[in-house]
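Below: one structure, written as structure tokens.
The values are calculated or read from the model by the stated rules, or taken from the named source; none is laboratory data. Nothing here was measured: the structure is a model prediction, and the numbers come from that model. Heads up, the Cβs are rebuilt from the backbone with ideal geometry, glycines too, and the neighbour counts pull from every protein chain shown. Side chains are part of the model used for accessible areas, which takes the heavy atoms of the whole protein and leaves out ligands, DNA and RNA. Shrake-Rupley method; radii C 1.70, N 1.55, O 1.52, S 1.80 Å.
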Amino acid sequence: MAEKTQRDSERGGLQPDEGASGLVSLAEITEAARLLASVVIRTPLLPIPMLSPDLLVKPESLQPTGSFKLRGAYTAISASGQEAIRRGVIAHSSGNHGHAVAYAAALLGVHAVVVVPSTAPKIKTDAIEHYGAEVVTVAPTLAARVAATEELVGRHGYVLIPPFDDRRVIAGQGTIGLEIAADCPRVDLVLVPVSGGGLISGIAAAIRASCPGAAVVGVEPELAADARDSLRRGERVAWPAADVQRTIADALRVEQVGVLPFAHLRELVTDIVTVSEDEMLTTVRLLAGQARLVAEPGGAAAVAAWLFHAADLPAARTPVAVLSGGNIDPVLLAEILTGE
């Protein structure tokens with residue numbers, strides 16, 4: 001793996017066509033899959049025992065960093081080539097993207113800095129530091145993370161690795177859609193958690209190109225439903241930071257979807273539905289008990305939509321839900337499992 005990552009870094013990894021614009025293409029996602037072949041786990045599609053109607057789950061919680069974010073982070077850092085090695089990289093994150101950037105940077109021999117909110121779970125910040133990245137803590141708002149990141153880029157010249165509003169990151173996340181289409185060609189509905197929109201953008205681009213008849217539906221917490229509002233109004237809507245901080249789904253606490261992700265939402269996504277706090281927690285418990293899968297609340301959101309809001313979803317005979325992450329605080333997990 002070390003030789004491969006060095007080669008990818010030297011040649012710059014994924015290189016979109018010069019002047020590339022518009023939605024991320026299937027060719028970009030396919031190239032990202034090539035880069036990621038020996039880096040990420042090709043997660044299986046697993047049924048949930050005793051669940052009716054049937055649902056297949058793609059457990060990205062099984063990735064080395066515990067979430068899907070490794071796909072986009074490695075793709076983007078690799079694409080930066082020698083520039084990343086020379087200057088170092090920086091990312092802002094609620095936790096999972098930072099963890100993935102730290103891990104990918106370590107693989108590629110790149111110095112990394114990660115800006116996180118003060119509310120980021122310790123399990124995520126500890127992981128970032130474990131892989132040698134520097135952690136910078138700021139107020140729990142997207143604006144504060146962006147401002148601190150921009151200031152550090154200006155001072156040190158770091159290469160920015162955005163969490164979602166970046167076509168190389170989106171291409172990396174889109175490899176999940178490629179795998180779903182290959183493993184389940186009959187898929188007719190894919191449910192995806194939504195935060196900044198990078199995950200659903202990549203998956204929708206891959207699924208709609210590979211399985212044109214399939215619907216892609218996003219899932220958000222009721223307490224952080226800015227993407228739902230944006231899709232329905234036809235323009236990006238921002239929620240107040242204090243409002244989105246209310247949800248227990250820390251991975252989905254983004255106040256506004258990105259510009260490029262919103263273009264994908266409008267073109268490729270059928271709908272966005274919301275789930276309650278109790279529905280996510282109940283789903284975390286069900287996944288652990290029936291499927292032996294550990295999920296964080298935000299990671300369980302898509303499965304929760306199938307369990308509790310099937311009437312709001314397009315009719316489907318072969319649905320797939322993406323379990324996007326499993327980096328949950330052990331104390332919280334214990335409380336959920338015991339119903340406390």
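For region 87-104, the residues whose amide N sits under 20 Å from a probe point set 7 Å from the Cα of V146 along the beta carbon direction are 90-98. Summary of packing: across the peptides 159-171, 176-188, 141-153, the per-residue average of other C-beta atoms within 10 Å ranks them, highest first, as 159-171, 176-188, 141-153.
If you plug the beta carbon distance of E277 and E129 into 1/(1 + (r/R0)^6) with R0 = 35 Å, you get a FRET efficiency near 0.75. Can you say what percent of the DSSP beta bridges in the chain, counting only those with both residues inside, are antiparallel? Round to 5. Looking only at bridges with both residues in the chain, the antiparallel portion is about 10 percent. Treating each Cα of region 221-340 as one equal point scatterer and applying the Debye formula with no solvent, the log10 of I(q)/I(0) at q = 0.19, 0.21 Å⁻¹ comes out as -1.07, -1.24.
Within the shell of other residues whose beta carbon sits under 13 angstrom from the beta carbon of V114, the net charge comes to 0, with Lys and Arg scored +1 and Asp and Glu -1. The accessible surface of the chain, taken with every protein chain in place and a 1.4 Å probe, is 53 percent carbon and sulfur. Scanning residues 5 or more positions from L189 or on other chains, those with amide H under 5 Å from its amide H are A215, T318, V320, with H placed 1.01 Å from N in the peptide plane.
From its DSSP helices (H runs of at least four residues, each -39,500 (n - 2.57)), the chain gives a residue-normalised ellipticity at 222 nm of -14000 deg cm²/dmol. In angstrom, the C-alpha Rg and Dmax of region 52-128 are 14.1, 53. For the chain, the per residue solvent-accessible surface stands at 38 Å², with DNA, RNA and ligands left out and a 1.4 Å probe. Ranked from largest, the principal axis spans of the Cα set of the chain equal 53, 41, 39 Å. For region 196-340, the relative contact order is 25 percent, taking Cα pairs closer than 8 Å that sit 6 or more residues apart in sequence and dividing their mean separation by the residue count.
Which residue, Q173, Q256, Q82, tops the fluctuation ranking in a GNM of the chain built on C-alpha contacts under 10 Å? Maximum among the listed residues: Q82.
If you take the alpha carbon atoms of region 19-163 and fit the smallest convex hull around them, that volume is 154 Å³ per residue. Measuring nothing but how far apart in sequence close Cα pairs (under 8 Å, 6+ apart) lie, relative to its length, the chain scores a relative contact order of 20 percent.
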